[in-house]
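A.B. asks: One structure coming up, written as structure tokens, with questions to follow.
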Amino acid sequence: MLKDDIKKQVETSCATYAGNGQCHLDRPCPFFNAETTDNLPRCLYFENAVLPADDKLKSRYWQSFGVAYWGEFAKVCKRCENTFNPGNQKRRQYCDECKELQRKEKRNKRMREYRKNTG
């Protein structure tokens with residue numbers, strides 16, 4: 001889950017994280033705040049200093065806000081969470097590797113339902 005990955009990144013890499021959900025910037029760390037359970041909070045220091053170290057997490061983070069941060073690599077695969085280039089297919093949800101697996105799974109499910117109903 002994205003929020004758990006961000007918390008782990010903050011704990012290991014953020015220079016302003018003081019532990020126990022606190023920040024050296026005289027405020028609680030927004031990622032460990034219990035009040036923000038639904039929406040992902042933002043921290044400018046994290047976005048500028050910590051997040052650029054992990055490309056995959058950076059892409060997922062900005063995608064959660066609806067921002068295509070990567071330019072040409074603007075999508076995150078729903079299955080493996082790697083970034084990919086959707087090309088001209090803006091509605092595409094899966095990378096090349098996962099696209100075929102997803103298609104096979106949907107076909108198999110459709111055939112199981114068909115056999116169950118006709119059988």
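A.B. asks: I'd like the full set of residues that are among the small types (G, A, S), at positive phi and assigned to a loop (DSSP other than H, G, I, E, B), limited to the stretch 1-59.
C.D. replies: Listed by number, the list holds a single entry, G21.
A.B. asks: Which ones in the stretch 1-22 are of a type in the set (A, V, I, L, M, F, W, C) and within 21 Å of L57 (Cα to Cα)?
C.D. replies: Across the stretch 1-22, the qualifying residues are M1, L2, I6, V10, C14, A15.
A.B. asks: Residues in the stretch 87-119 that are in a loop (DSSP other than H, G, I, E, B) and under 28 Å from G66 (Cα atoms): how many?
C.D. replies: The total comes to 9.
All of the numbers you see were taken from the coordinates with simple rules; none came from a lab. Everything quoted here is computed from the prediction, not taken from an experiment.
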